Amino acid sequence: MANYKFQLNPKEPREDMIERHRDFGKVLHNYQKMTHPLYRTPLYRYRSILLGVLIVLTLTWMIVEFGGNQQEKKHRADSIRKSDSIAKEKTPNANR
């Protein structure tokens, strides 16, 4: 069994402690923040986050599209040259 300590006659809090926690504006702000769903907030409200995501996506696309592996590009160029030379060998020359 857990040991719970109940105070039947607790001391009243001091007036300055009560005043410190009496902030209706903060309560109202927290209530509105919790009841307004996040999915209804437009994307452009958080411009810096949206801009950051767009920059990251653009950089990722550019790296994938243009960065590539240099050996892979060289291999593609070699295979294209080979296929061109094979095509030239198979085509009969009209000048002969």
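The residues of segment 15-35 that are part of a loop (DSSP other than H, G, I, E, B) and either surrounded by 10 or more Cβ atoms within 10 Å (Cβ to Cβ) or in contact with a strand residue (DSSP E or B) (Cβ under 8 Å, 6 or more places away or on another chain) (or both) amount to a single one, Asp23.
Yes/no per residue for (1) of a type outside the set (A, V, I, L, M); (2) at pLDDT below 70; (3) open to solvent by 90 Å² or more (accessible area, probe 1.4 Å):
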{"residue": "Pro37", "(1), (2), (3)": "yes, no, no"}
{"residue": "Arg45", "(1), (2), (3)": "yes, no, yes"}
{"residue": "Ile55", "(1), (2), (3)": "no, no, no"}
{"residue": "Thr60", "(1), (2), (3)": "yes, no, no"}
{"residue": "Lys73", "(1), (2), (3)": "yes, yes, no"}
{"residue": "Thr91", "(1), (2), (3)": "yes, yes, no"}
{"residue": "Arg96", "(1), (2), (3)": "yes, yes, yes"}
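Residues that are modelled with pLDDT under 80, among the polar types (S, T, N, Q) and not in a helix (DSSP H, G or I) do not occur anywhere in segment 5-14.
The values are calculated or read from the model by the stated rules, or taken from the named source; none is laboratory data. Bear in mind that the values here come from a model prediction, so they are computed numbers and not experimental data. Backbone-built Cβ (ideal geometry, glycine too); neighbour counts: all protein chains shown. Side chains are part of the model used for accessible areas, which takes the heavy atoms of the whole protein and leaves out ligands, DNA and RNA. Shrake-Rupley method; radii C 1.70, N 1.55, O 1.52, S 1.80 Å.
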